[in-house]
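Remarks on the structure that follows.
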Amino acid sequence: MGALPHAHPILDLPAPQRDLQHLWQAWRLRQRRRRLIFRALRKRRDLTLVADRTAGLARTAILCVLVVRNEAERLAHFLAHHRRLGVDHFLVVDNASTDATPALLRDQPDVSLWQTAASYKRSRFGLDWTNWLLLRHGHGRWCLTLDADELLVYPHWETRPLPALTRWLDDHGQDSFGALMLDLYPEGPLTAKGHRPGDDPLATLRWFDAGNYSVQVQPRMRNLWIQGGARARAFFATDPRRAPTLNKLPLVRWHWRYAYVNSTHAALPPRLNAVFDETGGERISGVLLHTKFLPSAVEKAAEEKGRRQHFANPSRYAAYYDGLLADPVLHCPASLAYTGWRQLEGLGLMSRGGWL
Amino acid sequence: MTLGFVMLTHTALDRAAQIARHWATRGCPVVIHVDLRTPRAQAEQLQADLSDLPNIRFSTRHACEWGTWGLVAATQAAASLMLAEFPQVRHVYLASGACLPLRPVEELRAYLEARPRTDFIESVTTADVGWTIGGLNAERFTLRFPFAWRKNRLLFDVYVELQRRFRIRRKLPNGLVPHLGSQWWCLTRQTLSAILDGPGRAEFDAFFRRVWIPDESYFQSLVRLFSTNIESRSLTLSKFDYQGKPHIFYDDHLQLLRRSDCFVARKIWPQANKLYDTFLAPSAGSEPRAEPNPGKIDRLFAKAVERRTAGRPGLYMQSRFPNREWETGRTAAPYSVFEGFSEVFEDFDTWLSKLAGTRVHGHLFAPDRVEYAGGASVYNGCLSDSAALRDYNPRSFLTNLVWNTRGERQCFQFGPNDAQEIAEFIAGDPNAQVSVITGAFAIPLFQSNRNFGEIRAEAAQLQKTEAEFVAILRASWVKARVRIWSLAEFIESPMEPLQTIVDEISPRSSRRLTEVPRLADLTGFGQFLQNLRNQGMKPVLMGDFPVGPDLPSTPGRRVRPYVVK
């Protein structure tokens, strides 16, 4: 059997095929999915329940799953934003926070909280826990899987909450929804302006890279592989292959047999990855505003570099951490200031597809 | 005389109740049909909520699965009840629970009052319909459809195919001409009662029971038998997307719906509070209004369909990534690629950017860094000048550059020294204008102060690379606008090629070139080529240069600017 290419660049993606090799691939992916689910079942023992408020949730409830560690400064705004979008319930795993995170979450009426001190890396960067919570609570529901530094926006989000979006996706037979992670950054050095817990991070993080994204498709699961943005430009200009992946599938109508494979960049079964139109048209998609570059990013980089809990091979990312530790200026003359979803849609970073 | 509403509901019954109450309290009787599949408790709640209104009735419940006879049966039952119970009703308006009146019902009543004999129903012959899904028009009537399209798609398709293969046809009832149209109509008592009480109804019902999606054809066809005055359009504003799914209206459509001047719209999202509050407010629509005009909305929706199906050419992103077989424009806008020009002319970049009013880059694919115009280190869209980032995904680099600068033509230099991976992509791009002077790469070598052995090796390497590029450009599948000259050919008469290229870049400035850039000094170039030959290399791409000290053209050219006619 011929080896699959590493990734398909623009206009190189073959149309879907059903030959022997692809059937074999499909079978192997099925095995992989089963392993992932089994792993999630096993790793559920890592989690200690703090507060379970899932009883009585409607079948149509929209859930939000996240794994956090020391995110107190962002959580208030994160919860407010996604409540406004129409999230009914948050399922949170607190991975040994040392700040006010657990206190902040424990008493929220729409948050169920689990705690764990187990290794983030050995739970596949929290994904096993996520897959478990989704398996246990997400079946049949639309589930939003995010990090605490991501804010979902999509076409018309201010006037059409998530139930409107998910109903539209249901009507059009779409089980998953793709979003590009957009790195936002301040105008000066990261630590130049302060940020108090609960503040709107978009007040300081106003800038973004509009058009330097590399788009490819990985053949095995036919998932997108988008890289670029401010991090690729500033930290990976000599080693672009390692630049962070920016495509995500944050919103999926979950089934207990589904599994996220690699963060939320790819999922199984592979049809969940088909969030892009292959025939020239545009499907609907959103953007995750990435608020990583608050002043605390510098300090966190030092901690992460020491903990070695991020990336499969942390030593290769030393340059990235060192770049962050130097309190860089990510802003450049071509940066644009974020003004809203219409701007992002016009720039081609998201699309309303046919959702007028 | 008055107007009565027949309302088909299945979900969001609170909204249906709100609308029914709105109409009923304004003197219009309402007959409500609740889908049999809706839980009994909800249906009873709805009855209780509306029990204070004397002019509301509930009809026998039928199961209304999409595309089946149940919808017609429900409509028939409710319409019969309306005609029987409310003798003063002259027009019956078929609405759904997701409808919203956009104009006061008095205006609709006055409108119908002025057209007492008109039936408003979209009714189009099957031959003229282009919008049905599944590709079935006339066959909806001539084939049988015992399997549900949504649940048993495979059986449905196989059975249709079998009937086609064996030419099994149903016979149409006498006099029936199949018509299709929107299921939301407004008929007069005369027409409606003729359909419902006519002698042939049993035969028609038996026939339509087996027709596919009868709610789009039953009344639409029968009305042609009984009506004297058909206005073939629906009074309900209802849009469908390219998959045949009804468009839903949200709060942000408020202005759009207002400007449409239509009487009723569907479907409204049940949580669109602003729409319901605005259009059901007692003061709504006090200003005089015009004929219904869905044209503005039609244009907008046509655009949305285009965005969904055709997309924005040259954009590759999270939800658009065409595969090999669906190429619809590689890049977003035309651009120009020049090979050899900056070697032949001394100030080609500045000359071209001045003349064509565009930005002219250096070698975007140079090996060490991306040479943006003006030496910028980041370009539009925050494109980096890192060669590694560019070479990681050259196709994205180029499509991004052209996308980021839409509206401003990009020109850049290319050469055998550059990263060549992008060559095939450019050659296959109809937006690319590629102009090549072959062999010009030898000029910098000729001018350089290096050992001849080195020069010879490099010349051979560059010639090989350029020959490969030229071979790509001459392939049969090339879509770019390609022009190739050899160096000797070009410098013999540089004006004409330059004129053609500039005309193409800025077609509006139809003036003749009065000035060409300064040619590099090529005195002794022929001897240089001969030296290469003497060292065992075979310079072919440059064309025929005489070995003398002179250029093929008249001497002294480069001192004097060209002035043509």
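The values are calculated or read from the model by the stated rules, or taken from the named source; none is laboratory data. As the structure is a prediction and not an experimental result, all values here were calculated from the model. Every residue, glycine as well, gets a Cβ built from its backbone with ideal geometry; the counts of neighbours run over all protein chains shown. Accessible surface is based on the protein model in full, side chains and every heavy atom, while ligands, DNA and RNA are left aside. Shrake-Rupley method; radii C 1.70, N 1.55, O 1.52, S 1.80 Å.
Observations
- Test for A:Arg342: is it of a type in the set (Lys, Arg), buried (at least 19 other Cβ atoms within 10 Å of the Cβ) and within 13 Å of chain B (Cβ to nearest Cβ): no
- Residue satisfying all of: in the range B:110-133; of a type in the set (D, E, K, R) and out of contact with any Lys or Arg (no Cβ under 9 Å at 6 or more places or on another chain); modelled with the highest pLDDT among these: B:Asp119
- Single condition B:Leu192 does not satisfy, out of (1) in the same structural domain as B:Thr9 (by TED's automatic domain parsing); (2) buried (at least 17 other Cβ atoms within 10 Å of the Cβ); (3) within 33 Å of the chain's Cα centre (by Cα): (3)
- If you filter the range A:85-100 down to residues that are over 21 Å from A:Pro250 (Cβ atoms) and not small (Gly, Ala, Ser), you find that the one that is surrounded by the most Cβ atoms within 10 Å (Cβ to Cβ) is A:Asp99.
- Top-ranked residue of the range A:321-339 - restricted to ones that are closer than 24 Å to B:Arg406 by Cβ and assigned to a strand (DSSP E or B), ranked as farthest from the other protein chains (Cβ to nearest Cβ): A:Ala337
- Residues satisfying the stated conditions in the range A:233-251, i.e. assigned to a helix (DSSP H, G or I) and in contact with a Phe, Trp or Tyr (Cβ under 7 Å, 6 or more places away or on another chain): A:Phe235, A:Pro240, A:Arg241, A:Arg242
- Note on the range B:333-348: among residues that are open to solvent by 10 Å² or more (accessible area, probe 1.4 Å) and under 37 Å from the mean Cα position of the chain (by Cα), the one that is farthest from B:Asn404 (Cα to Cα) is B:Pro334.
- The set of residues in the range A:294-330 that are touching a residue at least 24 places away in the same chain (Cβ under 8 Å) and acidic (Asp, Glu) contains only A:Asp327.
- Close pairs (6 angstrom Cβ cut-off, 6 or more residues apart or separate chains): in a strand (DSSP E or B) in the range B:471-488, of a type in the set (Val, Ile, Thr) anywhere: B:Val482/B:Val434; B:Ile484/B:Val436; B:Trp485/B:Ile437; B:Ser486/B:Thr438
- The set of residues in the range B:208-236 that are hydroxyl-bearing (Ser, Thr, Tyr) and either in contact with a Pro (Cβ under 9 Å, 6 or more places away or on another chain) or free of Cβ contacts under 8 Å to residues at least 40 places away in the same chain (or both) comprises B:Ser217, B:Ser221.
- Output for the range A:249-287, where each listed residue is within 9 Å of another protein chain (Cβ to nearest Cβ) and either under 21 Å from A:Gln31 (Cα atoms) or buried (at least 19 other Cβ atoms within 10 Å of the Cβ) (or both): A:Val275, A:Phe276, A:Asp277, A:Glu278, A:Gly280, A:Gly281, A:Glu282, A:Arg283, A:Ile284, A:Ser285, A:Gly286, A:Val287
- Test result for B:Gly415, more than 9 Å from every other protein chain (Cβ to nearest Cβ) and surrounded by 23 or more Cβ atoms within 10 Å (Cβ to Cβ): yes
- Criterion applied to B:Ala41, B:Ala24, B:Ala63, B:Ala48 was being touching a helix residue (DSSP H, G or I) at 6+ places or on another chain (Cβ under 9 Å) and of a type in the set (A, V, I, L, M, F, W, C), and the one residue passing it is B:Ala63.
- Of all the numbered requirements in (1) part of a helix (DSSP H, G or I); (2) under 36 Å from the mean Cα position of the chain (by Cα), B:Arg103 misses one, and that requirement is (1).
- Only one entry of B:Gln18, B:Gln42 meets the criterion of being open to solvent by 20 Å² or more (accessible area, probe 1.4 Å) and more than 19 Å from B:Pro101 (Cα to Cα), and that entry is B:Gln42.
- When residues of the range B:195-217 are limited to those that are modelled with pLDDT of 90 or more and aromatic (Phe, Trp, Tyr), the one farthest from the chain's Cα centre (by Cα): B:Phe204
- Strands (runs of 3 or more DSSP E) contained entirely in the range A:133-212, each with at least 1 residues that are open to solvent by 10 Å² or more (accessible area, probe 1.4 Å) and more than 10 Å from chain B (Cβ to nearest Cβ): A:142-146
- Subset of the range B:384-418 [in a loop (DSSP other than H, G, I, E, B) and not charged (D, E, K, R)]: B:Asn393, B:Thr405, B:Gly407, B:Gly415, B:Pro416, B:Asn417
- From the list A:Leu336, A:Leu330, the one residue that fits, being open to solvent by 10 Å² or more (accessible area, probe 1.4 Å) and among the hydrophobic types (A, V, I, L, M, F, W, C), is A:Leu336.
- Residue within the range B:247-254 that is part of a loop (DSSP other than H, G, I, E, B), open to solvent by 20 Å² or more (accessible area, probe 1.4 Å) and either assigned by TED's automatic domain parsing to the domain that holds B:Thr68 or not aliphatic (A, V, I, L, M) (or both) present: no
- B:Tyr276 meets all of the listed conditions (1) at pLDDT 90 or above; (2) under 21 Å from A:Gly354 (Cα atoms) but one, namely (2).
- Positions within the range B:242-265 being over 18 Å from B:Gly295 (Cβ atoms) and not small (Gly, Ala, Ser), in sequence order: B:Tyr242, B:Gln243, B:Lys245, B:Pro246, B:Ile248, B:Tyr250, B:Asp251, B:Asp252, B:Leu254
- When the residues of the range B:230-253 are filtered to those that are in contact with a Lys or Arg (Cβ under 6 Å, 6 or more places away or on another chain) and of a type outside the set (Ser, Thr, Tyr), the one that is farthest from B:Ser123 (Cα to Cα) is B:Asp251.
- Any hit, the range A:224-234, residues being more than 14 Å from every other protein chain (Cβ to nearest Cβ) and open to solvent by less than 30 Å² (accessible area, probe 1.4 Å): no
- Residue that is more than 8 Å from every other protein chain (Cβ to nearest Cβ), free of Cβ contacts under 8 Å to residues at least 40 places away in the same chain and within 18 Å of A:Arg352 (Cβ to Cβ), where the choices are B:Glu306, B:Glu291: B:Glu306
Residue by residue, here is whether (1) of a type outside the set (D, E, K, R); (2) away from chain A (no Cβ under 14 Å) holds:
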position	(1), (2)
B:Thr228	yes, yes
B:Leu256	yes, no
B:Arg259	no, yes
B:Val264	yes, yes
B:Leu280	yes, yes
